[in-house]
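Written below as structure tokens is the structure these notes are about.
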Amino acid sequence: MNPQVFIEAIEQVVGPVRASDTRKDRMREELAAHLAAGWQEEIDREGTGSPAERVLRRLGPIDELTRSLQDSVPQFEQWMFTPLPGASGLDRIDRLVQRREGETLFRHATRITTGLVAALAALELVVVPLAIAIRGRGPSSWPTTLLWAAASLAVTAIGCMVLMLLDARMVGALQERRHDRPRQWLLLVFSSLVVIGLGAGFAVTVSLGSRDGMMFVRSDWLRLGICSLLAPVVLAVSARESLSRGRRRRGWGLAELTR
């Protein structure tokens with residue numbers, strides 16, 4: 001059979017539910033297990049239609065199942081995950097940045113990094129001259145400004161590449177049967193060090209090219225420290241989302257139903 005039939009049915013049931021991705025993935029996995037068990041029962045039975053059709057009939061009306069699942073979600077969570085206007089546009093961006101079929105990790109990271117750096121460069125072409133005009137600085141400030149812009153692009157490119165590679169390593173650590181905790185903690189700590197290193201490198205590079213010397217003040221270093229503490233959180237959330245997407249692509253185990 002084609003497991004895509006069950007995968008589409010699961011998405012029709014779970015997709016409209018207002019809930020966190022973690023809860024919805026759990027719903028999908030439970031529903032997939034239920035359908036797989038039903039299919040195993042139906043393949044040895046006689047009846048009208050294919051085993052898959054009989055299993056879907058046993059499942060019941062899709063809208064009733066969706067309402068039942070929605071009712072099981074706490075009210076606050078329903079409110080938190082109510083789609084906002086323009087959410088469809090964010091979904092399109094999300095699909096655009098996902099790893100494509102047959103795309104290597106390095107090519108995926110390069111594609112995303114190139115797009116991000118290009119978008120940032122286009123933004124700087126508009127914002128930087130405007131900021132200089134508003135502040136009334138003369139031509140003497142242009143070398144420092146150009147160095148700042150170039151350094152920000154370099155830091156963005158290096159940071160994006162490194163963090164995407166770290167994300168892949170974290171996914172591998174999370175997939176270990178007994179969860180490789182030391183490796184996970186090492187990757188989380190390393191992500192903080194990457195942010196600190198990139199921030200310090202940016203500050204030193206810009207300051208060396210500035211006539212005013214060190215351009216960063218104490219509050220800037222405080223913000224850098226806060227960002228370094230947020231890096232492990234971002235890495236952990238990103239890795240778990242990557243795992244979730246992988247389960248979706250594999251159909252939550254339904255791809256094995258090929259008999």
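The values are calculated or read from the model by the stated rules, or taken from the named source; none is laboratory data. Keep in mind the model is a prediction, meaning the values are calculated, not measured. Every residue, glycine as well, gets a Cβ built from its backbone with ideal geometry; the counts of neighbours run over all protein chains shown.
Overview of results
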item	result
Count - residues of the range 56-78 that are free of Cβ contacts under 8 Å to residues at least 24 places away in the same chain and assigned to a helix (DSSP H, G or I)	9
Subset tally (residues that are surrounded by fewer than 21 Cβ atoms within 10 Å (Cβ to Cβ), in contact (Cβ under 8 Å) with a residue 60 or more places away in the chain and either not in a helix (DSSP H, G or I) or not hydrophobic (A, V, I, L, M, F, W, C) (or both)) for the range 20-42	5
Residues located in the range 33-70, provided they are at pLDDT 80 or above, over 24 Å from VAL237 (Cβ atoms) and hydrophobic (A, V, I, L, M, F, W, C)	ALA33, LEU35, ALA36, ALA37, VAL55, LEU56, LEU59, ILE62, LEU65
Hey, ARG111 under 30 Å from GLY15 (Cα atoms), modelled with pLDDT of 90 or more and assigned to a helix (DSSP H, G or I) or not	yes
Pairs, first closer than 12 Å to TRP148 by Cβ in the range 118-133, second at pLDDT below 90 and among the β-branched types (Val, Ile, Thr), C-beta under 9 Å, six or more apart	VAL128/THR145; ALA131/THR145; ILE132/THR145
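Per-residue answers, yes or no, for (1) surrounded by fewer than 18 Cβ atoms within 10 Å (Cβ to Cβ); (2) at pLDDT 80 or above:
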position: SER140; (1), (2): yes, no
position: PRO143; (1), (2): yes, no
position: ALA150; (1), (2): yes, yes
position: ALA154; (1), (2): yes, yes
position: LEU163; (1), (2): no, yes
position: ASP167; (1), (2): no, yes
position: ARG177; (1), (2): yes, no
position: ARG181; (1), (2): yes, no
position: LEU188; (1), (2): no, yes
